[in-house]
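Shown next, in structure tokens, is the structure this report addresses.
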Amino acid sequence: MGKRLFFLFFGFTLITAVAAMLVIGSAKDSLQQSVFNKQRFDQKIWQSYHQTQDRDSPRGLMANDLRQKLLAERPTREQVIELLGPADLADEPDRLSYHLGMWSHNRGRIDTFDIFFGADGRLARIVFSAH
């Protein structure tokens with residue numbers, strides 16, 4: 001009877017711990033995503049932060065709205081540059097990278113908005129990266 005009780009207690013504790021980790025991880029992911037979804041995209045504000053390293057850049061707050069807009073339109077590289085201005089970081093034929101500030105990972109890393117283009121010259125995907 002003692003072993004059986006031990007295994008029941010151990011199993012219950014293990015299941016509770018795993019459930020708690022899943023809830024905490026989900027809440028953390030939701031919090032990080034919500035940071036990038038606090039403002040609507042504003043072209044003038046975005047372009048005014050070109051080449052800045054401001055950790056509180058409002059670009060981060062409007063990044064998700066911009067992401068949805070760009071994915072819906074699938075613009076060309078030239079159209080993206082016209083909308084957002086020149087890239088801050090990577091400026092390659094298949095990639096543009098823009099500084100978003102320092103919003104994720106307890107504000108300890110630089111966040112970037114990386115836009116990738118396909119063989120057809122149109123936007124293929126967007127990645128939020130932390131460096």
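With both labels modelled 7 Å from their Cα along Cα-to-Cβ, the Leu83 to Lys69 distance reads 0.7 nm. Counting neighbouring beta carbons within 10 Å and listing from fewest to most, the residues Arg67, Arg125, Arg4 come out as Arg4, Arg125, Arg67.
Take the Cα radius of gyration of the range 36-130 and divide it by 2.2 N^0.38 Å, N being the number of residues; the result is 0.99.
The dipole here belongs to the range 36-130: it is taken about the Cα centre, uses +1 on the Cβ of Lys and Arg and -1 on the Cβ of Asp and Glu, and is about 360 debye.
FYI, it's all coordinate maths here, none of it is from the lab. These numbers come from a predicted model, not from an experiment. Please note: Cβ atoms are built from the backbone with ideal geometry, for glycine as well, and neighbour counts cover all protein chains shown.
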